[in-house]
Amino acid sequence: MRSKILAIGAICAALMSLAACGKTGAAAGSAGVEHVAFMMPDQTATRYDKFDRPQFTAALKALCSKCQVDYYNASNDAQTQQAQFESALSKGAKAVVISAVDGKGAQAMVAEAKSQSVPVVAYDRYIAGANAYISYDNEKVGELQGQGLLDAMSARGTLQGNVFMINGSPTDPNAADFKSGAMKVLTGKVHIVFSHDTTNWDPTDAQNALEQALQRYGTKNIGGVLAAADGVAEASVAALKSAGVNPMPPLTGQDAELTAVQRIVAGEQTLTIFKEAKPEAQGAAQMTNALLTGGKPETSTTFENVPAVLLKPVLVNSGNIAQTVVQAGYYTREEICTAQFAPACKAAGL
Ligand code: GAL
């Protein structure tokens, strides 16, 4: 019996992981392992689970073999995220990488982490006080959406029509930037009759809002719909269809969701914005590793005084699917061009 216990002890020592030996309790962390919390905001956008998480995990592992990424997804609930944050800290997280559900509220988390000397990387969504911040240029995202909508309206001859804006969550700092970028392009050029901030990016809220707006303003004179991301774009298509609109008017999105790319092929959505996860995740991994080892995060600019990297978003429409999302390995042609979309794919040259 004693030798068995010793053997287990030896295995534990070899693994250098006390956690593997069932150690629990207050002493946070495990010898030899550095916990890093990767905290994403929601599952309505598939990007976080599907692309950001594996890319960040692989990138950090390549830089820091003893790092262990603990993944959390807050399902769009700020309180859940707060609880996940507390649990990450008590588990001994040495760094926290977070895409905040509530950007302002998350400042308290940054303060708490700092008081325990745990650095914070603001991932995709800005948080004041973070040690570093990486995102895409969110104002530029909005500009691309606005310009893409304008171009499509002009091509379709709907420049005089009513424009409906379905914006992102008011607690997401990016949403304000998407909106201001779009407004920069659209102000004075089109007639915006309706602008709705979607609670927590909730597609049901977006659909209800647009359905009511279509009842109010009618469906005869639709110029276009500026939807801030693909989740609310899908909800907008549902609202337009339930109001009997056909074909779809010019309509934007963001995130290059598979279903959005398929809607673009099928002519139900004009464009999406591609923000490849790899450079964002790699940049965040570099920042995290530098902060863990006392080095300097590689940044190229500052955003409200926080050292930052802002990557360049890319517009995707029916003309460049192969050169963007397919080439980057996001989706294969086969994944996009299922039986239902095969004829449309053929017509689009995919
Ligand atoms: C934004 C993010 C987008 C999209 C959206 C909904 O902050 O930049 O890529 O995912 O949230 O989660």
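Summary of values
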item	result
Options Val245, Val225; residue that is more than 16 Å from the ligand (Cβ to nearest atom), closer than 18 Å to Gln160 by Cα, in the same structural domain as Lys179 (by TED's automatic domain parsing) and part of a strand (DSSP E or B)	Val225
Residue within region 198-216 that is of a type in the set (Phe, Trp, Tyr), in contact (Cβ under 8 Å) with a residue 24 or more places away in the chain and farther than 26 Å from Asp42 by Cα present	no
Every pair of residues 6+ apart whose Cβ atoms lie under 6 Å, when the first sits in region 167-188 and is part of a loop (DSSP other than H, G, I, E, B) while the second is more than 10 Å from the ligand (Cβ to nearest atom)	Pro170/Asp197; Thr171/Asp102
Residue identified as open to solvent by less than 40 Å² (accessible area, probe 1.4 Å) and either within 14 Å of the ligand (Cβ to nearest atom) or among the basic types (Lys, Arg) (or both) among Val118, Val141	Val141
Lone unmet requirement of (1) open to solvent by 50 Å² or more (accessible area, probe 1.4 Å); (2) within 16 Å of the ligand (Cβ to nearest atom); (3) of a type in the set (A, V, I, L, M) for Leu159	(2)
Qualifying position, being part of a helix (DSSP H, G or I) and hydroxyl-bearing (Ser, Thr, Tyr), among Thr270, Thr324	Thr324
Qualifying residue in region 80-88 (condition: of a type in the set (A, V, I, L, M, F, W, C), in the same structural domain as Tyr126 (by TED's automatic domain parsing) and surrounded by fewer than 19 Cβ atoms within 10 Å (Cβ to Cβ))	yes
Condition check for Thr171: away from the ligand (no atom under 16 Å from the Cβ) and of a type outside the set (Gly, Ala, Ser)	no
Conditions (1) surrounded by fewer than 24 Cβ atoms within 10 Å (Cβ to Cβ); (2) within 16 Å of the ligand (Cβ to nearest atom); (3) of a type in the set (Asp, Glu); (4) more than 13 Å from the chain's Cα centre (by Cα); number of the one not met by Glu34	(2)
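Rundown of residues vs (1) open to solvent by 70 Å² or more (accessible area, probe 1.4 Å); (2) more than 19 Å from Gly244 (Cα to Cα); (3) not assigned by TED's automatic domain parsing to the domain that holds Ala74, yes/no style:
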| position | (1), (2), (3) |
| --- | --- |
| Pro173 | no, yes, yes |
| Asp177 | no, yes, yes |
| Trp201 | no, yes, yes |
| Ala206 | no, no, yes |
| Ala209 | no, no, yes |
| Gln215 | yes, no, yes |
| Lys220 | yes, no, yes |
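So that you can scan it fast, the table gives a plain yes or no per residue for (1) among the aromatic types (Phe, Trp, Tyr); (2) open to solvent by 10 Å² or more (accessible area, probe 1.4 Å):
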residue	(1), (2)
Gln55	no, yes
Lys61	no, yes
Gln68	no, yes
Tyr72	yes, yes
Lys91	no, yes
Ala106	no, no
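The values are calculated or read from the model by the stated rules, or taken from the named source; none is laboratory data. Since we're looking at a predicted model, the values are computed, not measured. Cβ coordinates were reconstructed from backbone atoms using ideal geometry, including for glycine residues, and neighbour counts include every protein chain displayed. Areas reflect the complete protein model, heavy atoms only, side chains present, ligands, DNA and RNA absent. Shrake-Rupley method; radii C 1.70, N 1.55, O 1.52, S 1.80 Å.
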